[in-house]
Amino acid sequence: MGLKVQSISELDPALVLAAQDQLSQLIQEKYPEVELTRGVIHDIVTFLHAISGGVCQTEVNRVLDSRSLLAINSNPLLADPELVDHVLSNYLIERKIGTRARGNITIVVQGTATMVLSADSLYTANGLNFRTNVPITARPPGTVISDPNERVLELRGDGTCEFSVPATAELVGETANVRINTKFTPSPPPPRFVTAFSANDFIGGTATESNTELASRMEDGIPAKVVSGPLNISALIRSQPVFADMKNVSIIGYGDAEMARDQHWIFPISGGGRIDIYCQMDALPKTTTIKKLARLIEKRTSDSIWQLAVQRDDAPGFYEVSAVRRLVDPTDTAGLEVIYDSRGWDISDDAWKPDIANALEAAYTRYQTSIIRFVDSLTPVGDLTTGMEQEFNLAILTQPFIGDLQEFLGSIGHRSLMSDILVKSAVPCFVSINCDIIKDATESAPDLDQIRTAIADRVNNLNFPGVLYASQITDVIHNFLFGTQAVGPLDMHGLIRRPDGQTTVIRDGAVLSLPNPPSTLITHRTTIFVLYPEDIGLNVVNRSN
Amino acid sequence: MTTAIDYLNRRFDVLAFRGAQPRGDVLLAQTLFDNNTGGEVCTGVQKLAQRWVIEFLTIRGSMPYHMSTRGSDFLLWLRQGRIRTEFDVRAYFNFAAQQVKTNLINEETATMHPEDRFQQARLIKLLLAQDTLELFTEIISLAGDTRQVILPIAIAPINLSV
């Protein structure tokens, strides 16, 4: 809503009436002989003036609603965005402008013949539209290419080939940051089309900040941007453009139950001087794909066990290795089974080292390392020799920028001289939700993709809530229902990947609460809910009666 | 007989229906001024009659904001084809006149001159022709003064043949 009234039909009748009453009174005082009940002067003079006065008063009210922090905070939805921008610029806060998510789509086609895909082709995933960025020519396997818009078709071993194309979401917003291996549907399908899926996580999609969000960020503009109190540290982080889109942060220090690093003395009492920062850098964790060399450590009857090391710089702050695939395997296959994940830490090369005493304290930090073992049940065992090495593709789930943020806060220019600081990915509780949507047989079904996207958006932006209520989910679903449609009972399921490597399962139909033992670092100040749209099961059923 | 001096210090409105004569039926001009004369003002029962006519002929809801409840439904009913016989005209006129009365009285105050205040409107006579409806109405002020107004209203031609 701009400051200017765009149509007189949007005027508040009470304002028009007030303007007419005011003018009538002024005229009556000056010219008592003029008749101001219904008549020519009433209809042609005072009433038309009242409309004009209503326009002016509406615009004045809009300015008043936006002129100060008091007015903005009392009702951010009414405030004019341009004026809000001006007011908050006094506190060095700028509105974030929304951006479109970008990524690559892998397209699987029949045969190996050359195929051409035009630019601006439409693909849909999770109910959202994406367009290919450039025209892509996919050549037969073995072709030598030089043009950046050419690809070589890669054989998948089943008579099909795949190639990838860059694509961008049509709408701005983080809901278009779809996960790796999300299915895409082309419209219309290209020739020889078999299937399409995201080759990696789509990233970069951010929403334009609303007045409410902008005003709530004001406290990041006022405090001194230094490593000190929580507000100061949050302001310091968000003042850096690369970290400005950080979703949520929780800062643990002296006196907090979750702080164990300040007890590294003879007596188990807190001495202070330690800061743990739990970050949710994006609405959803991101998948990093890397190649790693693995060593064959055991040959079994029909399969083999391999081992590799994830170093601290491979995916700083990672949660888990979500998939291991042979180099020849397409990325939409399930991958090999990970059977062992042992965490450690590595601070040996750093000039400044944070105080880390065990793997629990190092978990989800940029210093974390891991030994991974997995079972290769696809490669024939007869071709293998124990001790041999081979490269595998690893998909690793992590929060982005954890390593960069640790480097920034631990650097000599920003580090507090009285404490050390350790940045961690927020502890994840991976949520899945199932429920029925009940409707009459004569009613059409609601848009389930939109509902899933909206639910995930709500849950992933709860900011270290500690509990997830079923009513928060049904509240979102109801926005998409119509007629006699209703929401059935919810089943909420949470899988917490604890910093000690164990998993804890929580399940409830009404309130999903974190178990809250500070010793395992799972509390409302360390843990976030993570919900992917594809982990939401919605089942539309017709009412039986 | 009243003279102009009786209307000194009375409230006036601009005259919108001009050309009235003391006696006889005259077709009034709906204009605020013409080439020969400037605008005129009216007061007393003539002003009241003008108020009533404007209110009666305003379709309720056609004016926005706080004026949306002003006017009457007579012309709307006419357009909707509800009014087909002389009996209909009388019935719907009475409904509409009551709506007008409510609106006019609501905006009046006790300090207004009784001649400016509304008491009653009566349908004296009506003519229903093929394409015209003429309403002969009498407006009566609270002071008892009357003013007759003829409202010629164009209607959709109807086929009177069987």
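The values are calculated or read from the model by the stated rules, or taken from the named source; none is laboratory data. Since the structure is predicted, the reported quantities are computational estimates derived from the model, not experimental observations. FYI the Cβ positions are ideal-geometry reconstructions off the backbone, even for glycines, and counts take in every protein chain you see.
Of the candidates A:Ile41, A:Ile72, the single residue that is surrounded by 15 or more Cβ atoms within 10 Å (Cβ to Cβ) and modelled with pLDDT of 90 or more is A:Ile41. Suppose the filter is without any contact (Cβ under 8 Å) to a residue 40 or more places away in the chain and either more than 9 Å from chain B (Cβ to nearest Cβ) or touching a His at 6+ places or on another chain (Cβ under 6 Å) (or both); does A:Gln25 pass it? Judged against the criteria, A:Gln25 is a match.
Of the helices (runs of 4 or more DSSP H) entirely within segment A:370-482, those holding at least 3 residues that are under 30 Å from A:Ala357 (Cα atoms) and aliphatic (A, V, I, L, M) occupy A:402-410.
Taken over segment B:51-74, the residue count meeting the criterion of being in a loop (DSSP other than H, G, I, E, B) and either in contact with a Pro (Cβ under 7 Å, 6 or more places away or on another chain) or facing chain A (nearest Cβ under 10 Å) (or both) is 5. Tallying residues that are in contact with a strand residue (DSSP E or B) (Cβ under 6 Å, 6 or more places away or on another chain) and modelled with pLDDT under 85 within segment B:1-24 yields 1. With respect to being away from chain B (no Cβ under 12 Å), in contact (Cβ under 8 Å) with a residue 40 or more places away in the chain and not β-branched (Val, Ile, Thr), A:Arg67 falls outside the description.
Yes/no per residue for (1) at negative phi; (2) free of Cβ contacts under 8 Å to residues at least 60 places away in the same chain; (3) surrounded by 19 or more Cβ atoms within 10 Å (Cβ to Cβ):
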residue	(1), (2), (3)
A:Pro489	yes, yes, no
A:Leu495	yes, no, no
A:Asp500	yes, no, no
A:Thr504	yes, yes, no
A:Asn516	no, yes, no
A:Leu521	no, no, yes
A:Arg525	yes, no, yes
A:Ile528	yes, no, yes
A:Tyr532	yes, no, yes
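Matching residues to (1) of a type outside the set (Ser, Thr, Tyr); (2) crowded, with 19+ Cβ neighbours inside 10 Å:
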position: A:Ser411; (1), (2): no, no
position: A:Ile433; (1), (2): yes, yes
position: A:Val467; (1), (2): yes, no
position: A:Thr484; (1), (2): no, no
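State which residue is farthest from A:Ala199 (Cα to Cα) when the search covers only segment A:128-166 and only residues that are small (Gly, Ala, Ser) and surrounded by 14 or more Cβ atoms within 10 Å (Cβ to Cβ). Per the criteria, the residue is A:Ala138.
Residue-by-condition table, conditions (1) in contact with a strand residue (DSSP E or B) (Cβ under 6 Å, 6 or more places away or on another chain); (2) more than 30 Å from A:Asn479 (Cα to Cα):
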site	(1), (2)
A:Tyr364	yes, yes
A:Ser377	no, yes
A:Gly382	no, yes
A:Gly387	no, yes
A:Glu391	yes, yes
A:Phe401	no, yes
A:Asp440	no, no
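If the requirement is being at pLDDT 95 or above and basic (Lys, Arg), which of these qualifies: B:Arg79, B:Arg51? Only one candidate passes the filter, namely B:Arg51. Listed by first and then second residue, the pairs linking a residue in segment A:233-251 that is of a type in the set (D, E, K, R) to a residue that is outside any loop (DSSP other than H, G, I, E, B), with Cβ atoms under 8 Å apart and 6 or more places separating them unless they lie on different chains, are A:Arg238/A:Asp220; A:Asp245/A:Thr206; A:Lys247/A:Gln280.
Counting just the residues of segment A:230-256 that are in contact with a helix residue (DSSP H, G or I) (Cβ under 7 Å, 6 or more places away or on another chain) and in a helix (DSSP H, G or I), which one comes out surrounded by the most Cβ atoms within 10 Å (Cβ to Cβ)? First the steps, then the outcome.
Start the filter on segment A:230-256 by keeping residues that are in contact with a helix residue (DSSP H, G or I) (Cβ under 7 Å, 6 or more places away or on another chain), which leaves A:231, A:234-235, A:237-238, A:240, A:242-244, A:246, A:249, A:251, A:254.
With the extra rule that they be in a helix (DSSP H, G or I), the set shrinks to A:231, A:234-235, A:237-238, A:242-243.
Working: A:Leu231: 15, A:Ser234: 21, A:Ala235: 22, A:Ile237: 26, A:Arg238: 18, A:Val242: 12, A:Phe243: 19.
Filtering first and then ranking leaves A:Ile237.
Here A:Thr526 clears all of (1) modelled with pLDDT under 95; (2) in contact with an Asp or Glu (Cβ under 6 Å, 6 or more places away or on another chain); (3) within 30 Å of A:Tyr340 (Cβ to Cβ) except the condition numbered (1). Against the list (1) farther than 30 Å from B:Glu40 by Cβ; (2) more than 14 Å from chain B (Cβ to nearest Cβ), the condition A:Ala14 fails is (2). Answer yes if at least one residue in segment B:37-50 is at the interface with another protein chain (Cβ under 9 Å from one of its Cβ atoms), surrounded by fewer than 19 Cβ atoms within 10 Å (Cβ to Cβ) and of a type in the set (D, E, K, R), and no otherwise. Scanning segment B:37-50, I find no residue that is at the interface with another protein chain (Cβ under 9 Å from one of its Cβ atoms), surrounded by fewer than 19 Cβ atoms within 10 Å (Cβ to Cβ) and of a type in the set (D, E, K, R), so the answer is no. A search for C-beta distances below 6 Å between a residue of segment A:43-63 that is more than 8 Å from every other protein chain (Cβ to nearest Cβ) and in a helix (DSSP H, G or I) and any residue that is among the small types (Gly, Ala, Ser) and surrounded by 15 or more Cβ atoms within 10 Å (Cβ to Cβ), counting only pairs 6+ apart in sequence or on different chains, returns A:Thr46/A:Ser24; A:Gly53/A:Ala19.
For segment B:18-70, what are the residues that are among the acidic types (Asp, Glu) and either under 20 Å from B:Ile140 (Cα atoms) or touching a residue at least 60 places away in the same chain (Cβ under 8 Å) (or both)? Hits for segment B:18-70 are B:Asp25, B:Glu55.
Checking each residue in segment A:301-358 for being closer than 18 Å to A:Val423 by Cβ, within 26 Å of the chain's Cα centre (by Cα) and not in a strand (DSSP E or B) picks out A:Gln311, A:Arg312, A:Asp313, A:Asp314, A:Ala315, A:Pro316, A:Gly317. Number of residues in segment B:2-27 that are at negative phi, more than 14 Å from chain A (Cβ to nearest Cβ) and not in a helix (DSSP H, G or I): the value is 9.
When A:Val540 is tested against (1) touching a residue at least 60 places away in the same chain (Cβ under 8 Å); (2) under 23 Å from the mean Cα position of the chain (by Cα); (3) surrounded by fewer than 18 Cβ atoms within 10 Å (Cβ to Cβ); (4) in a strand (DSSP E or B), exactly one condition is not met: (2). Looking only at residues of segment A:1-57 that are of a type in the set (Asp, Glu) and within 30 Å of B:Glu115 (Cα to Cα), we find that the one that is farthest from the chain's Cα centre (by Cα) is A:Glu33.
When residues in segment A:184-213 are screened for being part of a loop (DSSP other than H, G, I, E, B), of a type in the set (D, E, K, R) and over 21 Å from A:Glu162 (Cβ atoms), 1 of them pass.
Within 30 Å of A:Leu538 (Cβ to Cβ), buried (at least 20 other Cβ atoms within 10 Å of the Cβ) and modelled with pLDDT of 95 or more, is that true of A:Ala125? For A:Ala125, the condition - within 30 Å of A:Leu538 (Cβ to Cβ), buried (at least 20 other Cβ atoms within 10 Å of the Cβ) and modelled with pLDDT of 95 or more - is not met.
Within segment B:81-89, can one find any residue that is within 21 Å of B:Arg147 (Cα to Cα) and either crowded, with 20+ Cβ neighbours inside 10 Å or more than 10 Å from chain A (Cβ to nearest Cβ) (or both)? Don't jump to the end; show me each part of the working.
Let us first name the residues in segment B:81-89 that are within 21 Å of B:Arg147 (Cα to Cα), namely B:89.
With either crowded, with 20+ Cβ neighbours inside 10 Å or more than 10 Å from chain A (Cβ to nearest Cβ) (or both) added as a condition, the list becomes B:89.
Yes, segment B:81-89 contains at least one residue that is within 21 Å of B:Arg147 (Cα to Cα) and either crowded, with 20+ Cβ neighbours inside 10 Å or more than 10 Å from chain A (Cβ to nearest Cβ) (or both).
Whether any residue in segment A:322-331 is in contact with a helix residue (DSSP H, G or I) (Cβ under 9 Å, 6 or more places away or on another chain), of a type in the set (A, V, I, L, M, F, W, C) and surrounded by 13 or more Cβ atoms within 10 Å (Cβ to Cβ) is what I want to check. No; the residues of segment A:322-331 include none that is in contact with a helix residue (DSSP H, G or I) (Cβ under 9 Å, 6 or more places away or on another chain), of a type in the set (A, V, I, L, M, F, W, C) and surrounded by 13 or more Cβ atoms within 10 Å (Cβ to Cβ). Taking the criterion of being surrounded by fewer than 17 Cβ atoms within 10 Å (Cβ to Cβ), within 15 Å of B:Val26 (Cα to Cα) and either in contact (Cβ under 8 Å) with a residue 40 or more places away in the chain or of a type in the set (A, V, I, L, M, F, W, C) (or both), the residues of segment B:127-151 that qualify are B:Phe136, B:Ile150, B:Leu151.
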